[in-house]
Amino acid sequence: MKAKQLIEENNRKRENLTEENEKYYSDMMIYIRLQFTLSEQQSEEVLMEMLDHLLDGQHEGKSAKDIFGDDPKGYADEIIQNLPKEQKREVIPFIMGIVLNLVSWMLMIRGAVIVIISQFKNEDVDSSVYLYPTLLLFAVILGSVAFGVWFFFRTIKQSLFNEKASEKKDMLKVGIFGAVSMGLVIALTKFIPDFGPAFDFSWWASLLTGGVLWVIVFMGKKFEWF
């Protein structure tokens, strides 16, 4: 089976684990999957073998600790050392997919807002776009997404193999970071002065560009470009 099929089969089989065994196995599974330099195909094959072994042991009344030991992280590290290196997911396309998705929605919202505001104003709404502030805003969005991805994965790693970890607290930290990042982008949009060369970017061009980018992101996810 291909890696995608193995993941789907893994999700289905994990439903048969006890709560304790599922937590033990899932921590190892996520830890191994977060090693982005490993072969995805062989990682998933090993994870499936481990899951089948655990299910057989569970049927015989054994726990995950009985089968894999009291040090799941150490066991996972041994597995990682024996797996071949291969880029399983390009980080840059992954981040660009998120950025393009955000930009597509921002452009579509911009176009819609211009249309709505124009209905309540007698004069035309200024649809000029200033190059330098726009580039600065894009750089901030790109940096926020890159740091956000790192922060999200770091938070997940810290919660693994930690009985005191709280999923609600972790999600709260990620949510706060997301809110702060969004607030920063909105603040920059509002307070950065207009300067440098400018060009007209009408509401329909904004909607059209945003829609095209959204379709590209949608197709990218479907065909695993991102």
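Computed values, structure above
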| read-out | value |
| --- | --- |
| Qualifying residue in the stretch 141-164 (condition: open to solvent by less than 90 Å² (accessible area, probe 1.4 Å), free of Cβ contacts under 8 Å to residues at least 40 places away in the same chain and closer than 14 Å to L100 by Cα) | yes |
| Cross-chain or 6+ apart pairs with Cβ under 8 Å, the stretch 103-125 first and under 18 Å from K190 (Cα atoms), then open to solvent by 40 Å² or more (accessible area, probe 1.4 Å) and among the hydroxyl-bearing types (S, T, Y) | L107/T209; V125/S118 |
| Residue list for the stretch 188-226, filter: among the aliphatic types (A, V, I, L, M) and either part of a loop (DSSP other than H, G, I, E, B) or at pLDDT 90 or above (or both) | I192, A198, A205, L207, L208, V212, L213, V215, I216, V217, M219 |
| The one condition in (1) exposed (fewer than 11 other Cβ atoms within 10 Å of the Cβ); (2) in a helix (DSSP H, G or I) that V103 fails to fulfil | (1) |
| Residue match in the stretch 20-29 (condition: among the aromatic types (F, W, Y), at negative phi and open to solvent by less than 90 Å² (accessible area, probe 1.4 Å)) | yes |
| Condition check for L34: loosely packed, with under 15 Cβ neighbours inside 10 Å, modelled with pLDDT under 95, farther than 18 Å from K13 by Cβ and among the aliphatic types (A, V, I, L, M) | yes |
| Scan of the stretch 145-196 for residues that are hydroxyl-bearing (S, T, Y) and within 17 Å of L34 (Cα to Cα), ordered by number | T155, S159 |
| Among (1) among the hydrophobic types (A, V, I, L, M, F, W, C); (2) more than 27 Å from Y31 (Cβ to Cβ); (3) assigned to a helix (DSSP H, G or I), the one test that V149 misses | (2) |
| Residue satisfying all of: in the stretch 103-126; modelled with pLDDT of 90 or more and of a type in the set (G, A, S); nearest to the chain's Cα centre (by Cα) among these | S104 |
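The values are calculated or read from the model by the stated rules, or taken from the named source; none is laboratory data. These numbers were taken from a predicted model, which means no experiment stands behind them. As a convention, Cβ positions derive from the backbone with ideal geometry for all residues, glycine included, and neighbour counts pool all protein chains shown. These area figures cover heavy atoms from the full protein model, side chains too; ligands, DNA and RNA do not enter into them. Shrake-Rupley method; radii C 1.70, N 1.55, O 1.52, S 1.80 Å.
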